[in-house]
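Working notes for the structure below.
The values are calculated or read from the model by the stated rules, or taken from the named source; none is laboratory data. Note that the structure is a prediction, hence the values are computed from the model and not measured. Don't worry about glycine lacking a Cβ; one is built from the backbone with ideal geometry, like all the others, and counts go over all protein chains shown.
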Amino acid sequence: MPDASEIEVNGKRYPVHYHPETPLLYVLRDELALTGAKYGCGEGQCGSCTVLIGGQPRRSCQIPVSAAVGKPVTTIEGLEKDGRLHPVQQAFIDAGAFQCAYCTPGMIISSVGLLQSNPSPSSDQIAQFLQGNICRCGTHPRIVEAVHQAAKTMQERAR
Amino acid sequence: MNGPTSNQPEKLTVEPERYELTSGPIHHFEVARREFFKLLGAGIAVFAVAKKSQAAQETAPSHGFHPQDLPTDIAAWLHIGEDGTVTAFCGKVEIGQNIRTSLAQTVADELRVPFESVRMVMGDTALTPFDAGTFGSRTTPTMTPQLRRVASAARDLLIEAAAKEWNVSPNSVKAANAKLTDPASGRTLTYAALARGKTLAQNLPAEDPVTPPPGWTVAGKPLPKVDARDFVTGRHQYTPDLHPAGMLYGKVLRPPSFGAALAVYDDSAAKMVTGAVIVRDGDFVAAAAPTEREANAALAAIRVQWKEDPPKTSSREIFSYLKNNAEPKTNDRHRQQRGSVEAALAGAAHRLDATYNIAYIAHAPLEPRAALAEWSGEKLTVWTGSQRPFGVRGELADTLHIPESDVRVIVPDTGSAYGGKHTGDAAIEAARLARAAHRPVKVVWTREEEFTWAYFRPAGVIEVKSAIGPDGKLVAWDFHNYHSGSSGIETPYAVPNLRTEYHSVPLVLRSGSYRGLAATANHFARETHMDALAHSANIDPLEFRLKNLEDARLRAVLEAAAKTFGWPRAKRQNVGFGIAAGNEKGSYVATCAEIAVDKNSGAVRIVRLVTAFECGAIVNPDGLRNQVIGANIQGLGGALFEAIEFENGRITNPRFSRYRVPRFRDIPDIEAVLLDRKDIAPAGAGETPIMAVAPAIGNAIFNATAQRLNNLPLVPNGLKKA
């Protein structure tokens, strides 16, 4: 067993005992019991495991935990602040943008990442950005609608 | 234990449509009346007796319980607590189709309580009445009326109790908003007050009329999904998210190919892996360890050799294989005949024959098969994402040789299924490992396992011979489905000389249910063929269908889709328009498609879909719209590019990087036109909206290019240049 290292997730520091090559996803889910990020494919193709690393959306099934050391990680569990949902979370509820909702944490985190870099994306830009996130229930149009709604809310709040 | 069922696809009998099997398991009610109140607290419990005919599909006779305690044909029960909370119980499961919401709406509506006060307990074999499974679009037509009856019976009970207390006639007592009122005196009593201090359980023959759709107040509304906040915060725990203390991670050693048998086995090195538990039971080889990494390491250290015996065909030759290996005799149940097809074909004005091929496809639910198993002495509890909690309980009892009464199966709201989660494979694997490990064990299939060891929507070959008269009316229809199934095989079009026949073929790959079953394949063949007939007779495809159609509900969806779409559309270069329709399981669908072809690359882009859908009275228009649009999008995958490839008993594209599913940039503009028929009892909606997508697109491609595509998927590699 290698020496314990530390990662920062949702503003909290956690010691990590898993092997440094273990994908971040397994450390989050199995060691830290943060199960919001999901396993969907293990090859970075479905986006269910998306988390923010240093503010950027990343596929946590493809990133060894050692590569996340020293960079703040945000998971779906870290978006809600003081009982208040992030505007993207609220927009997903308002648009009814889920069915089985297994892809939802990854969709929300990816959308948060998109809106950080592009506060007012077009529908084509949303589709392009979320191309790597699979929804098997076919809720895509509502997800695009939710991202538009969230963008609007965030811009209004920023004003 | 015999090897898991996933290891022996070729030994299974032909069973392309699992849920058409009707054999019911032995029934146990574990919750005695005393325990019921212990569990839920004091209050009023109502067990409604469903009418035999209505219960037949979903319930089985009860054993091992005193008949005076519970009647025999219960499909649902509910409890009103001292705080007014209503808990309704049914054995259905939530897999993304949103029935936790629509069923709660139904209960609230009939009981006259606020939607927020109703909690649904679902899919738990220890707490809910027996249910055959959540499939076949049956929840709304069968469970909704039963929950209405139990709620209506409970309301009557409350009214009677209040009437007695006030010494008035029950007919004068009004129920609304969880309250009873005597209008004459103005006295009121809440349901909670009536439930206080009581442990009153009643078996009621729920014969009362239930509220018809025009009188609905909570049902029929677009209420948001129950527990939505848990889904957007990551708080909801799907089966793979469960992690009780002391749990081990289980992994199964899969054979290299279908049908392989274990020839050499040596686990001496694997036994040195600290903390790992190794199980070999027949051909089942698996390991459990404190981390997934260690479980994989233990498996890797086991030395095995397999004797391979793969199916003698591949995805390249599967269609001729199916045709050549059909059972010589067909089942009467699978044959329909009238008039003389041969005579009519021989003398017809226009004759058209064609063959259609349908590839194997995978469900690919984003939550892979998973289970957590925990033993407590002889008692086993398994959490698993399944459409058949009671069926999985039976599978566990059978494979582990234990009584069903020792098994409890709980289904957390699941990351989708689409017909793919009928079997208990992961549950059996986890339970077998947990028994050896004396610890809870969780098994979560990898995506590759999911693509390989689950089951597929079966491939098929469909042969059609047909003829129309000089007036454009069908005179002969001869339709044969090989292997893919008989659902939706009957044509809704009027034709005097008809034969439809399903020919079974021994399984090549493990096959089972899929959203819509074979109806998608049969609709594709029929609606493509109808389009070709219309073209050969030089009649507009919509007009041709209407000319041959008497069914008013099917005509209505065709006309509604056409109106919204703007049919017929003026022809433009490299753009095409197609239409298709059908009915199945009591609901009606028509889809219009607009596609664009890139002449240089051969790429086909779906520009627009309009789907009109009618399933009787709508319970939740928002949930229904999600299902209809979702089915259209899922249908795009099977229509355009999804296909399982296999060779030498191996799936050769078992990954999302090799098996293409619809993604954001594949999604066209989609409109769902929902026809609300308040005069017709609601039917299910999970499946039928998928059925007209593929033929509408194929017909649109023909309209644009004059290329008639008769195989699903239509354009896995784009269009070949004409």
- Query: Which of the residues that make up region B:404-431 are more than 14 Å from chain A (Cβ to nearest Cβ) and not acidic (Asp, Glu)?
  - Reply: B:SER405, B:VAL407, B:ARG408, B:VAL409, B:ILE410, B:HIS422, B:THR423, B:GLY424, B:ALA427, B:ILE428, B:ALA430, B:ALA431
- Task: Working only within region B:87-134, note down all residues that are on the phi > 0 side of the Ramachandran plot and either modelled with pLDDT under 95 or crowded, with 24+ Cβ neighbours inside 10 Å (or both).
- Result: B:GLY96, B:ASN98, B:GLY123, B:GLY133
- Taking only pairs six or more apart or across chains, which ones have beta-carbon atoms under 6 Å, a first residue in region A:19-33 that is at the interface with chain B (Cβ under 7 Å from one of its Cβ atoms), and a second residue that is part of a helix (DSSP H, G or I)? A:THR22/A:VAL65
- Within region B:217-240, considering residues that are without any contact (Cβ under 8 Å) to a residue 60 or more places away in the chain and assigned to a helix (DSSP H, G or I), the one farthest from the other protein chains (Cβ to nearest Cβ): B:ASP230
- Within region B:439-463, of all residues that are in a strand (DSSP E or B) and among the hydrophobic types (A, V, I, L, M, F, W, C), the one nearest to the other protein chains (Cβ to nearest Cβ) is B:VAL444
- Filtering region B:632-668 for residues that are over 21 Å from B:ILE358 (Cβ atoms), within 22 Å of the chain's Cα centre (by Cα) and more than 8 Å from chain A (Cβ to nearest Cβ) leaves a count of 0
- Do we have B:SER486 as in contact (Cβ under 8 Å) with a residue 12 or more places away in the chain, in a loop (DSSP other than H, G, I, E, B) and hydroxyl-bearing (Ser, Thr, Tyr) here? yes
- In region B:421-436, anything touching a residue at least 60 places away in the same chain (Cβ under 8 Å) and surrounded by 24 or more Cβ atoms within 10 Å (Cβ to Cβ) is listed as B:LYS421, B:THR423, B:ASP425, B:ILE428, B:GLU429, B:ALA430, B:ALA431, B:ARG432, B:LEU433, B:ALA434
- Query: What tally of residues in region B:504-549 results from selecting those that are more than 22 Å from the chain's Cα centre (by Cα), surrounded by 24 or more Cβ atoms within 10 Å (Cβ to Cβ) and farther than 27 Å from B:HIS350 by Cα?
  - Reply: 1
- Task: Scan region A:138-146 and give yes if some residue there is in a loop (DSSP other than H, G, I, E, B), within 11 Å of chain B (Cβ to nearest Cβ), of a type in the set (Lys, Arg) and under 27 Å from B:ASP622 (Cβ atoms), otherwise no.
- Result: no
- Query: Of the residues A:GLY47, A:GLY42, which single one is closer than 20 Å to A:GLY113 by Cβ, in a loop (DSSP other than H, G, I, E, B) and within 12 Å of chain B (Cβ to nearest Cβ)?
  - Reply: A:GLY47
- Residues that are surrounded by 15 or more Cβ atoms within 10 Å (Cβ to Cβ): which strands (runs of 3 or more DSSP E) entirely in region B:273-360 hold 3 or more of them? B:277-281, B:284-289, B:350-358
- Of these, A:SER48, A:SER60, which one is within 27 Å of B:VAL273 (Cβ to Cβ), within 13 Å of the chain's Cα centre (by Cα), surrounded by 22 or more Cβ atoms within 10 Å (Cβ to Cβ) and not acidic (Asp, Glu)? A:SER60
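Scanning for something among the hydrophobic types (A, V, I, L, M, F, W, C), surrounded by fewer than 24 Cβ atoms within 10 Å (Cβ to Cβ) and either away from chain A (no Cβ under 13 Å) or closer than 16 Å to B:GLY220 by Cα (or both), does region B:608-622 turn up at least one residue?
Checking region B:608-622: at least one residue is among the hydrophobic types (A, V, I, L, M, F, W, C), surrounded by fewer than 24 Cβ atoms within 10 Å (Cβ to Cβ) and either away from chain A (no Cβ under 13 Å) or closer than 16 Å to B:GLY220 by Cα (or both).
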